[in-house]
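Participant: Quick one: this structure, given as structure tokens, is what I'll be asking you about.
The values are calculated or read from the model by the stated rules, or taken from the named source; none is laboratory data. Remember, it's a predicted structure, so these values are computed and weren't measured experimentally. Positions of Cβ are backbone-derived with ideal geometry, glycine not excepted, and every protein chain shown enters the neighbour counts.
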Amino acid sequence: MLTTRQQGGEWERVAESFLKKRGLKTLKKNFQGRFGEIDLVMLDGDTLVFTEVRYRRNSFHGSGAESVTWTKQKRIVSAARRFLQCHDRHHSRCCRFDVVSIGTEEGKTVLDWIRGAFDAG
């Protein structure tokens, strides 16, 4: 039996593979900022993409995307700012915040990629 952290890592690998097949390039996994973490930092062309991966076994309490609260968004934005401070070469890139929501429908795993799910503002 996998721990919650291990399960999260597995779903992050699934999401990363899904995004790579759509042309994104991985720069960093599980970037830790002072106040938050970013699951995947990727490039989509010239755009720097900070991606949150959320899995929900069932949608009784909403989708994975719906679980990315305002508080969680602020933590991700804080970590993104820290990433840009630590990686000067990316400082002038356009940035985007995406969510990959993973769930099940009729027994099948379904991924919903939400580009520009929220803003830094």
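Participant: For the stretch 80-114, which positions are basic (K, R) and free of Cβ contacts under 8 Å to residues at least 40 places away in the same chain? Quick ask: steps written out before the conclusion?
Facilitator: Our first condition is that a residue be basic (K, R); within the stretch 80-114, this holds for 81-82, 89, 93, 96, 108.
Scanning the stretch 80-114 gives R89, K108.
Participant: Across the stretch 66-113, what is the total count of residues that are surrounded by 13 or more Cβ atoms within 10 Å (Cβ to Cβ), in a strand (DSSP E or B), modelled with pLDDT under 95 and out of contact with any Gly (no Cβ under 9 Å at 6 or more places or on another chain)?
Facilitator: 1
Participant: Between G36, G45, G9, which is free of Cβ contacts under 8 Å to residues at least 24 places away in the same chain and surrounded by 15 or more Cβ atoms within 10 Å (Cβ to Cβ)? Before you say what the answer is, go through the steps one by one.
Facilitator: Numbers: G36 fails: free of Cβ contacts under 8 Å to residues at least 24 places away in the same chain; G45 fails: surrounded by 15 or more Cβ atoms within 10 Å (Cβ to Cβ).
Selected residue: G9, the only one of G36, G45, G9 that is free of Cβ contacts under 8 Å to residues at least 24 places away in the same chain and surrounded by 15 or more Cβ atoms within 10 Å (Cβ to Cβ).
Participant: Scan the stretch 63-113 residue by residue and report those that are touching a strand residue (DSSP E or B) at 6+ places or on another chain (Cβ under 8 Å), over 21 Å from Q7 (Cβ atoms) and β-branched (V, I, T).
Facilitator: V77
Participant: Can you list the strands (runs of 3 or more DSSP E) found entirely within the stretch 19-63 that contain at least 3 residues being closer than 17 Å to D119 by Cα and modelled with pLDDT of 95 or more?
Facilitator: The qualifying strands (runs of 3 or more DSSP E) are 37-44, 47-55.
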